[in-house]
Number of protein chains: 4
Amino acid sequence: MQVVITAVGPDHRGLADPIVHCVTGLGANISEIQMYDHDEECVFSMLTRIDLDAKRLDELRDAMVEVSQRTKLSIRTWTPEFQERRPRLAICVTYRPEPALALLRAIRDGQVKAEPTLMIGNRDKCRGLAEQFDVPWFSVGRGDGTPNDDQMIALCDEHEIDFIILARYMRLLPPSSCWKYAGGRIVNLHHGLLPSFPGIQPYHEAHSSRMLTYGATCHFIVPELDAGNQIIYQSTFTVPPGMPLDEIIRRGQEDNEPHCLVEGVRRVVDGEVRLHFHRVVARK
Amino acid sequence: MQVVITAVGPDHRGLADPIVHCVTGLGANISEIQMYDHDEECVFSMLTRIDLDAKRLDELRDAMVEVSQRTKLSIRTWTPEFQERRPRLAICVTYRPEPALALLRAIRDGQVKAEPTLMIGNRDKCRGLAEQFDVPWFSVGRGDGTPNDDQMIALCDEHEIDFIILARYMRLLPPSSCWKYAGGRIVNLHHGLLPSFPGIQPYHEAHSSRMLTYGATCHFIVPELDAGNQIIYQSTFTVPPGMPLDEIIRRGQEDNEPHCLVEGVRRVVDGEVRLHFHRVVARK
Amino acid sequence: MQVVITAVGPDHRGLADPIVHCVTGLGANISEIQMYDHDEECVFSMLTRIDLDAKRLDELRDAMVEVSQRTKLSIRTWTPEFQERRPRLAICVTYRPEPALALLRAIRDGQVKAEPTLMIGNRDKCRGLAEQFDVPWFSVGRGDGTPNDDQMIALCDEHEIDFIILARYMRLLPPSSCWKYAGGRIVNLHHGLLPSFPGIQPYHEAHSSRMLTYGATCHFIVPELDAGNQIIYQSTFTVPPGMPLDEIIRRGQEDNEPHCLVEGVRRVVDGEVRLHFHRVVARK
Amino acid sequence: MQVVITAVGPDHRGLADPIVHCVTGLGANISEIQMYDHDEECVFSMLTRIDLDAKRLDELRDAMVEVSQRTKLSIRTWTPEFQERRPRLAICVTYRPEPALALLRAIRDGQVKAEPTLMIGNRDKCRGLAEQFDVPWFSVGRGDGTPNDDQMIALCDEHEIDFIILARYMRLLPPSSCWKYAGGRIVNLHHGLLPSFPGIQPYHEAHSSRMLTYGATCHFIVPELDAGNQIIYQSTFTVPPGMPLDEIIRRGQEDNEPHCLVEGVRRVVDGEVRLHFHRVVARK
């Protein structure tokens, strides 16, 4: 059974040893280890991907809780092998409801086989959507929309979320959040073609280049790495010369982006794609 | 009647005056003037777009011939208003036959209303295609494929070509050729999405960025200017993660590129798009 | 005598004819004509560079005033040949005083042979600097710093400014202002190396790329064109690994940027460099 | 004592466990672990940075030899703490002798405190330089200059090289070579400013952007990562507008590049900079 362990702590010294000791003690094979630092924030992180006898998963979880309590490291243990259950999603939104709405409909209709466990917003704009689909809603935003990132992670921990879906959630996750859910558990919808248009106004940038093709990209977020390499799905549409920018944006937002998110999340929850080292690979 | 005059000469001094004198003498209104220099080559160029009483077109042509003989400038007079006749195309190729084949079929079937007046190659690879469609074939390449650019322009002049179509023609036109047929008369098929992937291996570059969307771009060539701003049509296709590069290239070459060229040329010969200053605009 | 005529108007039809008629009537030779459009703003522009018998300059100016009144075009006539007089500068500033201070000192000390005719700010931060050097100060900013661009141009017209010097002036000039003073009359100091770091935070961008070289660029502003091709002067400094960003910025702002602006303006007012078509060339 | 262990093998499964077991068994603390894959080549790699009691270094070396023999992994153990001895350099060259010459002179004059243990070329052009300074010369190139990369690494292993210096060595090291000497042991001189000009013709590229600043970059090579983040030293020079490209290249090659390499290598052998995770940091 594949298991991913992430650990976040304040320095790079005490990070690896206790976890490595523990997993080798349980007879696991280490498939991958990555350590990152983010020196401006004095935050260090490790991802360990192991092969473990499925019967020893609970033992591993208990051991990691013990290591966490002893070392003050923030440790999470997760397996992408869901057995009988459906993956649990946290759908994060800000202003635009269309991609989240399309995802909730696709889940309702059985197209995406997942649990919409909770919805999180840094603004209240999409609250009604959560109510319409009977999904618990949590607002993590202060008055100006600044999110409480720790609260967001705490909510995901508490509800045993498998995948965090950023459905036009308009804030950057801090590196510590990315690391805590590293290993292919954060899926983002970007409203432009990556890696060419990474900015916050990809429609405007493509338009000012006089492009006639516009696109959206569904990708895993990997801390410290360029988003171009972790693409799950991209979809595009073509416009005639002279189409006004606001009409282009309308088509993108109402049609192309929702489609892109739904197909991207479907690929992830169906296990068709996964993150292998720093790249997306297809299930063999 | 809109008329485009291009002039190429060895310096920037004697270039504008004789032409400007002549067109104002004929009662024309000047809509646009552009002058370019390309100092490494000691070649200067001017494009003049005028509104002229259609009855005086022959008078203008004669006057320009006279100016050309007197000043040694290389001058061309052209109008994009085709009246009853069909635009005449020179289709230029190197190795890949698919886009030219698709264009010749679309012309045969009446989808693209143009005359395939001649085919030009710097290699003989596509000669059979010209024979199959009964289009006169001219080889302008030396043994190593280096084209005789002056011969290419002379052929287009002699056959009164309206549009030069670069259908995966793998050589750069020199600035002087671009200037001689400036004003929206050279249409290129690029096998990648512009402006993001301008290089000679756009499939490889997009693949090494792990993109899942590939595209082709049909655009006007404008001397000295970035190709991103003169896009006539773009088409794309999406692939699943893990598709091998050679399969991606095959799909692009056999399906997407031919489609892109045909639709781009159709837009041009139908007058749906035109070059206005340095940009493509839709016919109002 | 070289003379530059710029004209700005609301469409591209009536723009060229009256000016071209007039200059050819005066026996001038046309060295360069450029026309631009900026369709979003419905503003069109023409630059004409001519060789004129110096004795007929006043005649040209009068004729251009007459054309302007008749056609409602906004026309300016300017010659880069200063004869006995010193070029007149408008020094534009926002927050940072160092580059303007260095320029005023270099003028005072005879290193830069120019008249500091006026200082213009969209903020009042540098007003004291104008007073210290007895240069007339004009504030063109509204309460929030938004500049009155038309007032800025009116001030430059009224004071017969030769060169507009943007000395860390933090607002974009609109295209119409750039066109009115086109032809190498607007000199900008950018606090990063162009074309690599064109953004508004070039120190931050270079730092996040872990660069150890930082630079500033003095360049002509040319409407509609990338700033990378009109570089007058660049200067750089090197830092050791680990130097904090604020220390890097301090060195750049207090030492490198002022030096860069002074040397750039000196090259322009001494006529060592000039704009030839779209490029900076050295005086032969 | 800081020790770096690198291991290269054919898959990602058996890579981490034996090494991690061994180092934890010796009481070492793990400071950093990175694993990489390069799936096109089916080569996997791990870098482990540990803190070890200096007295146990030999024990670690013996254990790693044993692991290597047992597992067929290619393992190297290295410490950047040189105690009394001077770091041993392999200086790799192709055509241009200037940077290597400057480095050999700086070593001779005591400016760079290192042993020029061997020189390696994929061409014989710089052989005379090795003879002049009495440095053993090895040619690893076939007739067309294609290097035998395995031979290069074998030479470095055999001569107990600390740092591989690429002094205008014009071939790419394959990922497996980079991994074998990972951890800040490969220093490259690039003849352009990184990250802006990464290509093989950086002078040409900067010149076609009309830049007036040219530079060189000395950096660590880190497999799979962009070279922009591992900069050790950069130096620049400024040229006047209109300087011909060949004169610019001459100044860069004869003056700026040699200076850049010497100062970069000096920083490395003096321990002023080191690689910490994926970044260059200054010694505190």
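The values are calculated or read from the model by the stated rules, or taken from the named source; none is laboratory data. Model, not experiment: these values are computed from the prediction. Don't worry about glycine lacking a Cβ; one is built from the backbone with ideal geometry, like all the others, and counts go over all protein chains shown. Only protein heavy atoms, including side chains, enter the accessible area calculation; ligands, DNA and RNA are left aside. Shrake-Rupley method; radii C 1.70, N 1.55, O 1.52, S 1.80 Å.
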- [ ] Could you check, for the stretch C:269-281, whether at least one of its residues is more than 16 Å from C:G183 (Cα to Cα) and basic (K, R)?
- [x] no
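Take B:H219 and tell me if it is under 12 Å from the mean Cα position of the chain (by Cα) and within 30 Å of A:G192 (Cα to Cα).
yes
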Task: Index of the failed condition, D:S139 passing every other in (1) among the hydroxyl-bearing types (S, T, Y); (2) touching a residue at least 24 places away in the same chain (Cβ under 8 Å); (3) touching a strand residue (DSSP E or B) at 6+ places or on another chain (Cβ under 7 Å) - done: (2)
Open item on the list: Name the single residue that is modelled with the lowest pLDDT among those in the stretch A:2-36 being within 25 Å of the chain's Cα centre (by Cα) and of a type in the set (D, E).
Closed with: A:D11
Task: Among (1) of a type outside the set (K, R); (2) away from chain C (no Cβ under 14 Å); (3) more than 23 Å from B:S209 (Cα to Cα); (4) in contact with an Asp or Glu (Cβ under 6 Å, 6 or more places away or on another chain) - the single one D:P174 does not satisfy - done: (3)
Open item on the list: Quick check on the stretch B:227-246. Is at least one of its residues in contact (Cβ under 8 Å) with a residue 60 or more places away in the chain and open to solvent by less than 30 Å² (accessible area, probe 1.4 Å)?
Closed with: no
- [ ] Filter the stretch A:111-120 down to residues that are surrounded by fewer than 24 Cβ atoms within 10 Å (Cβ to Cβ) and within 24 Å of A:R251 (Cβ to Cβ), then give me how many there are.
- [x] 1
TODO: Among the numbered conditions (1) part of a helix (DSSP H, G or I); (2) closer than 20 Å to B:S177 by Cα; (3) not polar (S, T, N, Q), tell me where B:R56 comes up short.
DONE: (2)
Open item on the list: Yes or no: the stretch D:98-110 includes at least one residue that is of a type in the set (D, E) and open to solvent by less than 40 Å² (accessible area, probe 1.4 Å).
Closed with: yes
- [ ] Within the stretch D:2-16, work out how many residues are at the interface with chain A (Cβ under 10 Å from one of its Cβ atoms) and under 20 Å from A:L15 (Cβ atoms).
- [x] 2
Open item on the list: Given the criterion surrounded by 21 or more Cβ atoms within 10 Å (Cβ to Cβ) and at the interface with chain D (Cβ under 9 Å from one of its Cβ atoms), identify the matching residue among A:I19, A:I30.
Closed with: A:I30
Task: Top-ranked residue in the stretch A:35-91 [being within 14 Å of chain D (Cβ to nearest Cβ) and without any contact (Cβ under 8 Å) to a residue 24 or more places away in the chain; ranked as surrounded by the most Cβ atoms within 10 Å (Cβ to Cβ)] - done: A:M35
Task: Residue satisfying condition, being within 8 Å of another protein chain (Cβ to nearest Cβ) and either over 24 Å from A:L104 (Cα atoms) or under 15 Å from the mean Cα position of the chain (by Cα) (or both), within set A:R279, A:R274, A:R266, A:R283 - done: A:R279
TODO: Being over 22 Å from C:C260 (Cα atoms) and not hydroxyl-bearing (S, T, Y) is the filter here, so list the residues in the stretch D:230-243 that pass it.
DONE: D:Q230, D:I231, D:I232
Task: Test result for C:L261, open to solvent by less than 20 Å² (accessible area, probe 1.4 Å), touching a Pro at 6+ places or on another chain (Cβ under 7 Å) and under 24 Å from C:R96 (Cβ atoms) - done: yes
Task: Residue among D:L212, D:L193, D:L245 that is over 20 Å from the mean Cα position of the chain (by Cα) and within 10 Å of chain C (Cβ to nearest Cβ) - done: D:L212
- [ ] Would you check which residues across the stretch D:261-284 are modelled with pLDDT of 95 or more and in contact with a Gly (Cβ under 8 Å, 6 or more places away or on another chain) and list them?
- [x] D:V268
Task: Test result for B:F237, more than 8 Å from chain A (Cβ to nearest Cβ), among the aromatic types (F, W, Y) and under 22 Å from B:R105 (Cβ atoms) - done: yes
